[in-house]
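Notes follow once the structure below has been shown.
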Amino acid sequence: MAISVASEQRIELLGTVELLHDHLTTSLCQTVFQQTRTTERERQWSLEALVSFWTEVILRAPQSLTQALQEAALGNGSGWPPVQASPEAFFQRCQSLNWRFFANLYEAFLLQVLPQAQPCYASSVHALGEYFKEVWIVDGSRLDAVAKRLKLLWDVRAQVLPGCLTAFYDLYRGMVRHLAFNADAAAGKLPRAIAALEHVPEGTLLVGDRLYGVGAFFAALRERGLFGLCRRNGRQSWRWLRELSKTYIAEGTAWDTLIEIKGKKDIPTQTLRWIRWRKGRESWEMLTPSLRSQGTHRPAQDGKTRKIKGSSVYSATKHRYTNMEKSPDRAL
């Protein structure tokens, strides 16, 4: 049972632990290790032991890893993997074992769990299921902050380049569907996301931050049969075409405008909907493909469709940006 210090809210983790024990089995870990290894050998700190240890660290939040390793070495059956090895052996194994072992294990774990995962998360956006098979959130981050907290790197004088992550989060099921690691710390956030689109099922709506609100990203989405909803990028130039609608929703006013982003070289021109919502000094600005440009335009129901999708789009965006800064009286 975990307790949030900030709110003192008790969170039941028994179901999570049972799920992990059911699927992160010895057989699965050994299979992934054998399929991934090149010259690596089995050690006392096997892939299964490492995964079990880090899972316990997340669930128990010990004061230090040294304390956790000492408890594990005792082998008293308290949940820690019974590994009779020094703390130095653990840190050396973590430093030398390739990240692909953990990435491949997560993908294998996901294949087992996904058929049982029910779309019961973020129920307020489930109305989008009429239009989109999946709704995922995409975001990326460099791992500099993580590297600074790793004790095993404190004595390393060389410059450490920790790399980057790009995550795709399933808003229907409340789980990370794909996690892409790039060892190049200088790799751009947008190119990383575009390269990882091959892992996103066709027909999915991707919700992204303002960095993704550019023509290149929407062009990549359209090429793969995907949809996007992103905050408007203030640096992206565009041309106004016409107003589609003005309505009142969530105690505010929403405008739906058709715009065009001019293409560049191998990037075709994109026709998008610029959706603005304002309530007092709070405002949101989003870009999403137009129904007509995506081949889903239905003239007889166009007004009703925009109203339904506009309401659902607002809900999806609020889920994504509830804890992000608001934009009083200026473009996002």
## Note on the structure
Contact list, first residue from region 165-177 and more than 14 Å from Val200 (Cβ to Cβ), second anywhere and of a type in the set (S, T, N, Q) and assigned to a loop (DSSP other than H, G, I, E, B), beta-carbon distance below 8 Å, six or more apart or interchain, is Arg173/Gln118
### Message
Given the criteria under 17 Å from the mean Cα position of the chain (by Cα), of a type in the set (A, V, I, L, M) and not assigned by TED's automatic domain parsing to the domain that holds Gly225, does Ala103 qualify?
### Response
yes
### Query
Checking Asp209 against (1) under 21 Å from Val135 (Cα atoms); (2) surrounded by 21 or more Cβ atoms within 10 Å (Cβ to Cβ), which single condition isn't satisfied?
(2)
### Task
Please identify the pairs in which a residue from region 1-23 that is of a type in the set (S, T, N, Q) has its Cβ atom under 9 Å from the Cβ atom of a residue that is at pLDDT 55 or above, counting only partners at least 6 apart or on another chain.
Ser4/Arg10; Ser4/Ile11; Thr16/Leu59
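Table: residues versus (1) small (Gly, Ala, Ser); (2) at pLDDT below 95; (3) in contact with a helix residue (DSSP H, G or I) (Cβ under 8 Å, 6 or more places away or on another chain).
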| site | (1), (2), (3) |
| --- | --- |
| Leu171 | no, yes, yes |
| Gly174 | yes, yes, no |
| Phe181 | no, yes, yes |
| Ala186 | yes, yes, no |
| Arg210 | no, yes, no |
| Leu221 | no, no, yes |
| Cys230 | no, no, yes |
| Gly234 | yes, yes, yes |
| Trp238 | no, yes, no |
### Query
With Ala147, Ala195 as the choices, which residue is at pLDDT 70 or above and either closer than 30 Å to Ala117 by Cβ or not aliphatic (A, V, I, L, M) (or both)?
Ala195
### Message
Please count how many residues of region 155-166 are within 18 Å of Leu226 (Cβ to Cβ) and surrounded by fewer than 18 Cβ atoms within 10 Å (Cβ to Cβ).
### Response
0
#### Entry: Matching residues, region 92-101, being surrounded by 15 or more Cβ atoms within 10 Å (Cβ to Cβ) and either assigned to a loop (DSSP other than H, G, I, E, B) or small (Gly, Ala, Ser) (or both)
Leu97
### Message
With the structure loaded, tell me whether Asn104 is crowded, with 17+ Cβ neighbours inside 10 Å, modelled with pLDDT of 85 or more and closer than 23 Å to His178 by Cβ or whether it fails that test.
### Response
yes
#### Entry: Total residues in region 239-257, condition under 23 Å from Asp209 (Cβ atoms) and either in a loop (DSSP other than H, G, I, E, B) or of a type in the set (A, V, I, L, M) (or both)
3
### Message
If I ask for residues that are closer than 22 Å to Leu128 by Cβ and loosely packed, with under 15 Cβ neighbours inside 10 Å, which ones from region 225-244 would you list?
### Response
Gly225
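The values are calculated or read from the model by the stated rules, or taken from the named source; none is laboratory data. Because the structure is predicted, anything quoted here is derived from the model rather than measured. Backbone-built Cβ (ideal geometry, glycine too); neighbour counts: all protein chains shown.
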